[in-house]
Amino acid sequence: MVFSSGRLRHRGQHVAATCGWGGVTNNKREGDGATPRGTHSIVGLFYRPDRISRPSLWAQPILPGDLWCDDPQHQAYNTLCRAPLGASAEGLRRSDPQYDLIMITDWNWPRAVPGRGSAIFIHQWRSPGAPTAGCIAMARQNLVWLVNGLMPETRLIIR
């Protein structure tokens, strides 16, 4: 899977996709809105069981209270955690459909370096072409297509 110039290529197919409002960078930092350039692996797949069917045998449900810690000072930085946390975190069970299906990359994981940036996901975009805070986003039907047959450790190349 390769992301470049507003497109993601996988299995010989190209789909429109967006990255962070800060562009693609070699020097990712927490809060910079950038997407980290390089080769990454898909290490997790999560879905909203109240909104979509389980897309793959290795997909895990997003449950009420699931969070992703984005506080560089907290010991749970850049990991999945549960509410209440007592630190800055992003709720994975959103009211909008952006996180109904998300792939987790290994960016700054599993041993997170504080401040280097957290949670580079692949998820549904807010609207066609809308940038993210650093993740990669695309249309829902393309995301579902991408997940179909995807295996853990699939490589993602961002350039």
Full extension between R111 and S53 adds, at 0.36 nm per residue less the Cα distance, a length in nm of 17.7 nm
Amide H contacts under 5 Å for T154, restricted to residues at least 5 apart in sequence or on another chain and with H modeled in the peptide plane, are I42
Percent of all Cα-Cα pairs per 10 Å bin for the chain, counting from 0 up to the last occupied bin, reads 11, 43, 38, 7, 0
Calc'd 3J(HN,Hα), the range 37-54, phi into Karplus 6.51 cos²θ - 1.76 cosθ + 1.60 (θ = phi - 60°), Hz, glycine/Pro = x, comes to 5, x, 9, 10, 10, 7, 10, x, 9, 10, 8, 8, x, 7, 10, 9, 6, 4
HN-Hα couplings for the range 101-114 via Karplus (6.51, -1.76, 1.60; θ = phi - 60°), in whole Hz with x for Gly/Pro, come out as 8, 9, 9, 9, 9, 8, 4, 6, 8, x, 9, 5, 8, x
Between W125 and residues 5 or more places away or on another chain, the pairs with built amide H atoms under 5 Å apart involve M138, A139, R140
Using a 1.4 Å probe on heavy atoms of the protein chains only, the accessible area for V43 in Å², nearest 10, reads 40
Quick shape summary for the range 113-153, equivalent ellipsoid via Cα gyration tensor, semi-axes whole Å in descending order, reads 21, 17, 4
For the chain, the per residue accessible area (1.4 Å probe, Å²) is 48
The range 87-159, Kirkwood Rh and Cα Rg, ratio Rg/Rh at 0.95
Trypsin sites (Lys or Arg not before Pro) in the range 99-131 lying in a DSSP loop, each with at most 11 other Cβ atoms within 10 Å of its Cβ, come to R111
For the chain, the accessible surface attributable to carbon and sulfur atoms (probe 1.4 angstrom, ligands and nucleic acids excluded) amounts in percent to 50
Reported to the nearest 10 Å², D70 has, with a 1.4 Å probe, an accessible area equal to 40
Heavy-atom accessible area with a 1.4 angstrom probe orders E153, E90, most exposed first, as E153, E90
Phi-derived 3J(HN,Hα) across the range 117-131 with the Karplus relation (6.51, -1.76, 1.60, θ = phi - 60°), rounded Hz, x for Gly and Pro, is x, 10, 6, 8, 9, 10, 8, 6, 7, 5, 7, x, x, 5, x
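The values are calculated or read from the model by the stated rules, or taken from the named source; none is laboratory data. Predicted model only: the values in this text are computed from it and were never measured. Note: ideal-geometry Cβ built from the backbone for every residue, glycine included; neighbour counts use all protein chains shown. To get the accessible areas, we keep the full protein, side chains included, count just its heavy atoms, and leave off ligands, DNA and RNA. Shrake-Rupley method; radii C 1.70, N 1.55, O 1.52, S 1.80 Å.
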